[in-house]
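S.K.: Once you've had a glance at the structure underneath, I'll fire off some questions.
The values are calculated or read from the model by the stated rules, or taken from the named source; none is laboratory data. Just so it is clear, the model here is predicted, and its values are computed rather than measured. Note that we place each Cβ from the backbone using ideal geometry, even for glycine, and neighbour counts take in every protein chain shown. Heads up: the accessible areas ignore ligands, DNA and RNA and are worked out on the full protein's heavy atoms, side chains in. Shrake-Rupley method; radii C 1.70, N 1.55, O 1.52, S 1.80 Å.
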Amino acid sequence: ANIAPGMKRSFMAFKWDHLIDRKIWNDCYEEAKDMVDRSVQVQLQGFDNNPEMIKLAKQNARFAGVEQMIQFETRDIKELSHNGSYGFIITNPPYGERLEEKANIPPLYRMIGERFKNLSTWSLYLITSYEGAENDIGRKADKNRKIYNINKTRCAPVRCRIYSWWESSLVRPS
């Protein structure tokens, strides 16, 4: 839909006149608004086994203006399947920092790997701080990048990685 990230958020940058001229900011904002294309046809699905997280995701999608583009459903990872030929799984599963007990993490990641294995023409992108992700997914990631995710409980950044596993038919970079 070509919606700029944070399009509906207010930013402190509005108050940073010494960094960016207000007219330039407003011109850029108007240009971004003009580029939005709500006619785009996409098939996005959001799943979580926690109904409260689905409710929150729907609120966030509504706020971002994309709720009508996403089908939300309360569903466990064990039920992950799709009949589409190609697709992407993008996930930020619990990684033991706050949502789950550490002992529950390896079986969860093994289940993600098992379900992903059945979608051999799909790609998986996973954000986590869990060091055993590749081992438990059952396959070395094709690529990974370090990032920092903010833990609001501790008000501190958590070192994470974005792991990428590409569809099995792709040639792996050396």
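S.K.: With the cut-off at 1.5 for a/c, could you classify region 27-70 from its C-alpha gyration tensor as rounded, prolate or oblate? List each step's numbers first, then the result.
M.R.: Working: a/c = 4.29, a/b = 2.00, b/c = 2.14.
Because a/c hits 1.5 or more and a/b fails to exceed b/c, region 27-70 counts as oblate.
S.K.: Over the chain, calculate the relative contact order: mean separation of alpha carbon pairs under 8 Å at least 6 apart, over the residue count, as a percent. Don't skip to the end; give the middle numbers.
M.R.: Working: 217 pairs, mean separation 27.6, N = 174.
Averaging sequence separation for qualifying contacts and normalising by length gives 16 percent for the chain.
S.K.: Same structure, new question: Using 10 Å bins from zero, what percent of all Cα-Cα pairs in the chain falls into each bin?
M.R.: Spelled out per bin, shortest first, that is 8, 28, 34, 22, 8, 0.
S.K.: Another one. Fully extended, how many nm does the chain gain between His82 and His18 (0.36 nm per residue separation, minus their Cα-Cα distance)? Intermediate results must be reported in sequence, preceding the final value.
M.R.: Numbers: separation 64, 0.36 × 64 = 23.04 nm, distance 5.06 nm.
Contour length minus the Cα-Cα distance gives 18.0 nm.
S.K.: At 222 nm, what value in deg cm²/dmol follows for the chain if DSSP H runs of at least 4 each add -39500 (n - 2.57) and the sum is divided by all its residues, to the nearest 500?
M.R.: The helix-only estimate for the chain comes to -8000 deg cm²/dmol at 222 nm.
S.K.: On to the next question. At 1.4 Å probe size, put Met7, Met53 in order of accessible surface, largest to smallest. Provide the component values of the computation, followed by the final result.
M.R.: On the way: Met7 25, Met53 85 Å².
My answer, sorted largest first, is Met53, Met7.
S.K.: Continuing with this model, one more query. Round to the nearest 10 and give me the degree value, 0 to 90, for the angle of helix 105-117's Cα axis relative to the longest principal axis of the chain.
M.R.: 90
S.K.: For region 67-136, state which GluC sites (Glu not before Pro) are in a DSSP loop and have at most 13 other beta carbons lying within 10 Å of their beta carbon.
M.R.: On the way: sites: Glu67, Glu73, Glu79, Glu97, Glu100, Glu101, Glu114, Glu131, Glu134; in loops: Glu97, Glu100, Glu101, Glu131.
In loop regions of region 67-136 (DSSP not H, G, I, E or B), the sparsely surrounded GluC sites (Glu not before Pro) are Glu101, Glu131.
S.K.: Thr74 to Asp37: extension gain in nm, 0.36 nm per residue of separation minus the Cα-Cα distance? Display every interim value, and only then the final one.
M.R.: Details: separation 37, 0.36 × 37 = 13.32 nm, distance 2.85 nm.
Value of the extension gain: 10.5 nm.
S.K.: Between Met53 and Arg9, what length in nm is gained on full extension when 0.36 nm per residue of separation is reduced by their alpha carbon distance? Write out the running numbers ahead of the final one.
M.R.: On the way: separation 44, 0.36 × 44 = 15.84 nm, distance 2.07 nm.
Separation in residues times 0.36 nm, less the Cα-Cα distance, equals 13.8 nm.
S.K.: Okay, next question. State the percentage of accessible surface on the chain attributable to carbon and sulfur atoms; use a 1.4 Å probe and exclude ligands, DNA and RNA.
M.R.: Working: 6460 of 12340 Å².
Using a 1.4 Å probe with all protein chains present, the chain comes out at 52 percent carbon and sulfur.
S.K.: Write down the percent of antiparallel bridges among all DSSP beta bridges whose residues are both part of the chain, to the nearest 5.
M.R.: Details: 14 of 24 bridges.
Around 60 percent of the beta bridges assigned by DSSP in the chain are antiparallel ones.
S.K.: Which of the three applies to region 59-124, rounded, prolate or oblate, going by the alpha-carbon gyration tensor with a ≥ b ≥ c and a/c under 1.5 meaning rounded? Can you show the working numbers first?
M.R.: On the way: a/c = 2.39, a/b = 1.16, b/c = 2.06.
Oblate, since a/c reaches 1.5 and b/c is not below a/b.
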